[in-house]
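What follows is a single structure, written as structure tokens, with notes after it.
The values are calculated or read from the model by the stated rules, or taken from the named source; none is laboratory data. Quick caveat: nothing in here was measured; it's all calculated off a predicted structure. Cβ placement follows ideal geometry from the backbone for every residue including glycine, while neighbour counts extend to all protein chains displayed. We work out accessible area using only protein heavy atoms, side chains counted, and drop any ligands, DNA or RNA first. Shrake-Rupley method; radii C 1.70, N 1.55, O 1.52, S 1.80 Å.
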Amino acid sequence: MTEASTLTVTRERGAATGNGYLMLLVLLGSLGMIPLAAIIDRPVLLIVAAVGTLLVSPGFYILQPNQAAAITLFGAYRGTDRNEGLRWVWPWMMRKKISVRINNVTSEKLKVNDLRGNPIEIASNVVWRVADTAQALFDVDDYRTFVNVQIESAVRAIGSRYPYDDHDAGEVSLRNGHDVVNRELAEELGERVAMAGVRIDECRLTHLAYAPEIAGAMLRRQQAEAVIAARTKLVEGAVSMVQLALGQLAERGVVSLDDERKAAMVSNLMVVLCGERDTQPIVNTGTLYQ
């Protein structure tokens, strides 16, 4: 039998604790009875007042908003108190306070290989809180360290699951698929930290870049892809304009061109429309066939 199969999962439940203000009145009453019993010479009353004071006074504790206290008796979990203010419990029961406030963690920049094997740098920001105090305190050794380790593990898993950039149409990438990646990262991390009684409220990538050793090469690749995309768009527009010009010339009967002259006109228009520099016009004073 493996060690994981013998792990006992502890679930949070309410603790039987008392109102501290009410017990404060009891304590004050016991303290007031001590001098009274001494004055009237009542040893039994004096003993009762002293014992009551010794029993009541160690049981007080204070809980702030969004703070809880796990109650244990000789190592056995007896419940969790989430009521804020002055509280009281029997003095032989131990109290361990735990914060249930929102925590915000930004992970360190991690170097991982994306889906295509390219080394990238990635970091994330995670908003989390303790949902089950019993699991956080008794099912893991240190729930904060556990969460930090699982954040790193989940970020590495997501970083290697997608490519950095989308080279294929419709492909989800780390750079362009923010909603999908962040949602999957939150689900992945939520499953990992659930055993520690932690809930993930928000998760998103805060840093994404190629590793320094390939950043220059990838930048040149992106620039080349941008140039190719721009050229493709420019050629598509130029072809449409040439087609429109030839069509309107023929439709309106402005000039009649044979195939050779059409080819020359197309060549000239493509040079003018696709060239990176301004063209210098040449006025033809002769005929079209000279």
Pop out the carbon and sulfur fraction of the accessible area of region 17-58 as a percent, whole number, probe 1.4 Å.
80 percent
Applying a 10 Å radius around every beta-carbon, put 123-132, 22-31, 77-86 in order of their mean neighbour count, most first.
123-132, 77-86, 22-31
Any idea of Glu202's accessible area? Nearest 10 Å², probe 1.4 Å.
90 Å²
Residues in region 39-83, backbone N under 15 Å from the label point at Leu24 (7 Å along the Cα-to-beta-carbon vector): list them, ranges by number please.
57-64
Whole-angstrom Cα spans of region 86-153 along principal axes, big to small:
61, 21, 15
For region 8-145, dividing by residue count, accessible area per residue (probe 1.4 Å) in Å² works out to 56 Å²
I need the peptides 102-113, 179-190 ranked by packing, meaning the mean over residues of other C-beta atoms within 10 angstrom, with the highest value on top.
179-190, 102-113
